[in-house]
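This report refers to the structure that appears directly beneath it.
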Amino acid sequence: MHQVSIGSVAIIALLDAPFLQNPKVLTPDHANEMAAEFRDSLDSRGLCTGAVTCYLIRSAGSLILVDTGIGPRRRPGFPAGHLDAALREAGVGPDEIDTVVHTHLHTDHIGWNTYDAGDGRTEIFFPKARFVIQQAEWDFWTAPEMLAEPRNAALRECIEPLRHTGRIHFTQGEETLGPHLVFISAPGHTPGHVAVGISDAGERGMIIGDASHHPFHVTHPDWVTPLDWDPAQAAASRDRLFDIAAEERRLVLAGHWTHPGWGHIVRLDGRRSFRAL
């Protein structure tokens, strides 16, 4: 089990699924440069190693889960999710989660919100949790035309069932979430995408969501990925986040970098680089 602390805040990295990605998918215009400069992050076939990692936070007596992975249903293009097993390994039951925080509402970040209980019933996997979602993100993805798209089955199955539960807490931009957490606006990957800042006792961290899909973005934030809704805005957001992380010596936690996805950003000869913890 992978665990770190930021002051009194304990964070456990929960592996929902490992995955492999072609550099040509991550950054089509710079795939060859990426493969040469970051060859240590590639497997023998030249594929990037990555993960779908969720983060469990113990803060001020509460259990907070940041993102919920792929989920128990099969999704095209994704491996099977195993967050349920990762929680068991951490000794935590779904009913112990107080708050679920979504950095954004893509398929691989909302999957364990619900499960199929049989007889056509959909149940919430975290029966006592409230779900914290940026209002801009909710408005974009729950628009009728988005819910109607065949490729957005995860929204219909994992987000729409929350609508009338009274358990959604909507936020606007950089609001605080308890004594140790704050949202950091980082739009671009999606319209309402956020990072989650963590601070206590003079120590700081930052869960960056999908602001970056690979550490090459630390050095090259402008290398465009087609995975982003607004590539230019996404590049500006990750550049800002990485500058903050370097200047404030924050621990960076990235949900798609090789599990557990955390480390520090340092400056060498004027360039940022990532150092895994």
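Of the numbered conditions (1) under 30 Å from residue 80 (Cβ atoms); (2) surrounded by 17 or more Cβ atoms within 10 Å (Cβ to Cβ); (3) of a type outside the set (Gly, Ala, Ser), residue 180 fails exactly one; give the number of that condition.
(1)
Picking from 240, 271, 249, 275, which residue would you name as being modelled with pLDDT under 95, among the basic types (Lys, Arg) and surrounded by fewer than 24 Cβ atoms within 10 Å (Cβ to Cβ)? Reasoning before the result, please.
Working: 240 fails: modelled with pLDDT under 95; 249 fails: modelled with pLDDT under 95; 275 fails: modelled with pLDDT under 95.
Matching residue, one of 240, 271, 249, 275: 271.
Can you find even one residue in the stretch 10-19 that is under 25 Å from residue 195 (Cα atoms), surrounded by fewer than 17 Cβ atoms within 10 Å (Cβ to Cβ) and of a type outside the set (Gly, Ala, Ser)? Give the steps one after another, and end with the answer.
At the first step, the residues of the stretch 10-19 found to be under 25 Å from residue 195 (Cα atoms) are 10-19.
Then drop every residue that is not surrounded by fewer than 17 Cβ atoms within 10 Å (Cβ to Cβ), which leaves 10, 18.
Keeping just the survivors that are of a type outside the set (Gly, Ala, Ser) gives 18.
Yes, because at least one residue in the stretch 10-19 is under 25 Å from residue 195 (Cα atoms), surrounded by fewer than 17 Cβ atoms within 10 Å (Cβ to Cβ) and of a type outside the set (Gly, Ala, Ser).
Name the single residue that is nearest to residue 185 (Cα to Cα) among those in the stretch 125-140 being without any contact (Cβ under 8 Å) to a residue 60 or more places away in the chain and assigned to a strand (DSSP E or B).
Pass one, the stretch 125-140, residues without any contact (Cβ under 8 Å) to a residue 60 or more places away in the chain: 125, 127-128, 130-133, 135-140.
Now drop any that are not assigned to a strand (DSSP E or B), which leaves 130-133.
Details: 130: 21, 131: 18, 132: 14, 133: 12 Å.
The qualifying residue nearest to residue 185 (Cα to Cα) is 133.
Search the stretch 173-189 for residues that are touching a residue at least 24 places away in the same chain (Cβ under 8 Å) and pair each with any residue that is in a loop (DSSP other than H, G, I, E, B) and aromatic (Phe, Trp, Tyr) when their beta-carbon atoms are under 9 Å apart and the residues are at least 6 apart or on different chains.
These pairs meet every condition: 187/229; 188/229; 189/229.
Suppose we filter 75, 45 for residues that are surrounded by fewer than 18 Cβ atoms within 10 Å (Cβ to Cβ) and under 25 Å from residue 137 (Cα atoms); which single one remains?
75
State which residue pairs qualify: first residue free of Cβ contacts under 8 Å to residues at least 60 places away in the same chain and inside the stretch 33-60, second residue assigned to a helix (DSSP H, G or I) and hydrophobic (A, V, I, L, M, F, W, C) in any location, beta carbons under 8 Å apart, and separation of 6 or more residues or different chains.
42/35; 46/35; 56/87
May I ask you to list the residues in the stretch 149-189 that are assigned to a loop (DSSP other than H, G, I, E, B), under 21 Å from residue 240 (Cα atoms) and among the small types (Gly, Ala, Ser)?
173, 186, 188
Please verify whether the stretch 79-91 includes one or more residues that are farther than 16 Å from residue 13 by Cβ, touching a helix residue (DSSP H, G or I) at 6+ places or on another chain (Cβ under 7 Å) and surrounded by fewer than 23 Cβ atoms within 10 Å (Cβ to Cβ). Outline the logic, then answer.
Going through the stretch 79-91, the residues farther than 16 Å from residue 13 by Cβ turn out to be 79-80.
If we keep only those that are touching a helix residue (DSSP H, G or I) at 6+ places or on another chain (Cβ under 7 Å) as well, we get none.
No.
Has the stretch 206-225 got at least one residue that is among the charged types (D, E, K, R), farther than 24 Å from residue 76 by Cβ, touching a residue at least 24 places away in the same chain (Cβ under 8 Å) and out of contact with any Phe, Trp or Tyr (no Cβ under 6 Å at 6 or more places or on another chain)? Write out each step before concluding.
First, the residues of the stretch 206-225 that are among the charged types (D, E, K, R): 210, 222.
Filter again for farther than 24 Å from residue 76 by Cβ, leaving 222.
When the remaining residues are screened for being touching a residue at least 24 places away in the same chain (Cβ under 8 Å), the result is none.
No, the stretch 206-225 contains no residue that is among the charged types (D, E, K, R), farther than 24 Å from residue 76 by Cβ, touching a residue at least 24 places away in the same chain (Cβ under 8 Å) and out of contact with any Phe, Trp or Tyr (no Cβ under 6 Å at 6 or more places or on another chain).
Exactly one of these conditions fails for residue 238: (1) part of a loop (DSSP other than H, G, I, E, B); (2) closer than 29 Å to residue 31 by Cα. Give me its number.
Exception for residue 238: condition (1).
Return the pair list, or none, for Cβ contacts closer than 7 Å from residues in the stretch 253-277 that are under 18 Å from residue 68 (Cα atoms) to residues that are aromatic (Phe, Trp, Tyr) and modelled with pLDDT under 95, at least 6 apart or on different chains.
The qualifying pairs do not exist here.
Which residues, counting only those in the stretch 191-209, are in contact with an Asp or Glu (Cβ under 9 Å, 6 or more places away or on another chain) and of a type in the set (A, V, I, L, M)?
194, 206, 207
Could you give me the residue pairs with C-beta distances under 6 Å whose first residue belongs to the stretch 86-103 and is among the small types (Gly, Ala, Ser), whose second residue is surrounded by 21 or more Cβ atoms within 10 Å (Cβ to Cβ) wherever it lies, and which are 6+ apart or on separate chains?
86/14; 86/15; 90/12
Being aliphatic (A, V, I, L, M) and without any contact (Cβ under 8 Å) to a residue 60 or more places away in the chain narrows it down to one residue among 232, 195, 201; which is it?
Going through 232, 195, 201 in turn, just one is aliphatic (A, V, I, L, M) and without any contact (Cβ under 8 Å) to a residue 60 or more places away in the chain: 232.
With respect to residue 126, determine if the residue is aromatic (Phe, Trp, Tyr), out of contact with any Cys (no Cβ under 7 Å at 6 or more places or on another chain) and modelled with pLDDT under 95. Steps first, please.
Working: aromatic (Phe, Trp, Tyr): yes; out of contact with any Cys (no Cβ under 7 Å at 6 or more places or on another chain): yes; modelled with pLDDT under 95: no.
Judged against the criteria, residue 126 is not a match.
Can you tell me which residues in the stretch 94-124 are in contact with an Asp or Glu (Cβ under 9 Å, 6 or more places away or on another chain), over 22 Å from residue 139 (Cβ atoms), assigned to a strand (DSSP E or B) and not polar (S, T, N, Q)?
The first filter runs over the stretch 94-124 and keeps only residues in contact with an Asp or Glu (Cβ under 9 Å, 6 or more places away or on another chain), leaving 94, 100-106, 108-117, 122-123.
From what is left, the residues that are over 22 Å from residue 139 (Cβ atoms) are 94, 112, 115-117, 122-123.
Next, only the ones that are assigned to a strand (DSSP E or B) stay: 115-117, 122-123.
115, 116, 117, 123, listed by residue number.
The values are calculated or read from the model by the stated rules, or taken from the named source; none is laboratory data. All figures in this text were calculated on a predicted structure; none of them were measured in a lab. Cβ atoms come from the backbone with ideal geometry, glycine included; neighbour counts cover every protein chain shown.
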